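The values are calculated or read from the model by the stated rules, or taken from the named source; none is laboratory data. None of the values given here were measured: they were computed from a predicted structure. Don't worry about glycine lacking a Cβ; one is built from the backbone with ideal geometry, like all the others, and counts go over all protein chains shown.
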Amino acid sequence: MKDKIIAILENRSGEQMADLVRKYGGKPFSAPALAEVPDIDPVLIVQMVSDWQTNLPDFFIFQTGVGVKALFAATDALGVSEQFLQILAASKVLVRGVKPTAALRLRKVRIDLTAGEPYTTAEVLALLDAQEPKAKLVAVQRYGDTNFELQHALEARRVQITEIATYRWSLPENIQPMIDLMNALDKGIIDMVCFTSASQVYNLLTVAEQLGRVTLLKTALKNSLVASIGPVCTKALHQHAIRVDVEPTPPKLGPFIGAINSKFGLKL
């Protein structure tokens, strides 16, 4: 990707991505499109831990590493981590991806089921459907937004759901970098835009809608290349009729950057 200008919408690992782009000779263009806002209700956490001691979930589903860490930080502060760990030991634990797995292992939590690549809701549901007896009560650690696909699928299976909120996604306080990205796209100076979550797609389009430039943005994206970290992100882009040129396997940062570099290698 030598001398190519690569737009990065990632916030948390944005600088890591930028360093990798520079490593391959590219020029990163930072436009964070997502902010993580703490969303933990201490009273609710204490109440849930108390309820789980008498009404044990069949499964706990953990979806993100940052969410697991935020949850345990809350239980530590509230003095209920030991009770929570005992509850997890008595239930079954299902994880979606390597980051929640690593975060749980730091707490020595036994992991019973691990969703396979590409770590989507489909893999989670396949694991649950294969279990006997079938789950009746499931506690789901929410990531930035409610996973409505998972929620609706569990409801269709007549599974009761308890959602554990730890953080939520929102627009960044400063949206000017996203506006700068749209201006750069209009000028044709961005070679590729990299999306690493579905929420980045929605937020960028939300800002474009506020400015009355959704059509301009979609046209500009057609004249650039678009990279998606994985199936969930790709689905969000396709829902808005945005073409995806690069999607790595597996959906991880290293293969993502490698796939981007290979795409430009084919073009040269």
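A few comments on the model shown:
- So V214, is it of a type in the set (V, I, T) and surrounded by fewer than 20 Cβ atoms within 10 Å (Cβ to Cβ): yes
- Hits in segment 21-51 - residues which are in contact with a strand residue (DSSP E or B) (Cβ under 7 Å, 6 or more places away or on another chain), more than 22 Å from N183 (Cα to Cα) and touching a residue at least 12 places away in the same chain (Cβ under 8 Å): E36, V37, P38, D39, M48
- Of the set (1) under 23 Å from the mean Cα position of the chain (by Cα); (2) assigned to a helix (DSSP H, G or I); (3) among the aromatic types (F, W, Y), all apply to F264 but (1).
- Counting only helices (runs of 4 or more DSSP H) that fall entirely inside segment 176-243 and contain at least 1 residues that are within 12 Å of A7 (Cα to Cα), more than 15 Å from the chain's Cα centre (by Cα) and at pLDDT 95 or above, the qualifying elements are 176-186, 214-222.
- A single entry from Q239, Q200, Q160 fulfils the requirement of being of a type outside the set (G, A, S) and not assigned by TED's automatic domain parsing to the domain that holds S262: Q160.
- Listed by first and then second residue, the pairs linking a residue in segment 4-20 that is within 19 Å of S262 (Cα to Cα) and crowded, with 19+ Cβ neighbours inside 10 Å to a residue that is β-branched (V, I, T) and at pLDDT 95 or above, with Cβ atoms under 7 Å apart and 6 or more places separating them unless they lie on different chains, are A7/I190; A7/V193; M17/I8.
- For segment 10-32, the set of residues classified as among the aliphatic types (A, V, I, L, M) and modelled with pLDDT under 95 consists of M17, A18, L20, V21, listed by residue number.
- Candidates L205, L181, L211 - the one that is touching a strand residue (DSSP E or B) at 6+ places or on another chain (Cβ under 9 Å) and assigned by TED's automatic domain parsing to the domain that holds N261: L181
- Looking only at residues of segment 244-260 that are buried (at least 20 other Cβ atoms within 10 Å of the Cβ) and in a helix (DSSP H, G or I), we find that the one that is nearest to the chain's Cα centre (by Cα) is F256.
- Residues in segment 89-99 that are modelled with pLDDT of 95 or more and either part of a helix (DSSP H, G or I) or among the β-branched types (V, I, T) (or both) were compared, and the one that is nearest to R142 (Cα to Cα) is V95.
- Test result for I6, in contact with a Phe, Trp or Tyr (Cβ under 9 Å, 6 or more places away or on another chain) and in a loop (DSSP other than H, G, I, E, B): no
- If the condition is being out of contact with any Asp or Glu (no Cβ under 6 Å at 6 or more places or on another chain), among the β-branched types (V, I, T) and not in a helix (DSSP H, G or I), then segment 113-166 contributes T114, T120, V138, T146, V159, I161, T162, I164, T166.
- Just so you know, in segment 56-84 the residues that are part of a helix (DSSP H, G or I) and of a type in the set (D, E, K, R) include one that is surrounded by the fewest Cβ atoms within 10 Å (Cβ to Cβ), and it is E82.
- Of all residues making up segment 129-148, the number that are modelled with pLDDT under 90 and within 20 Å of the chain's Cα centre (by Cα): 7
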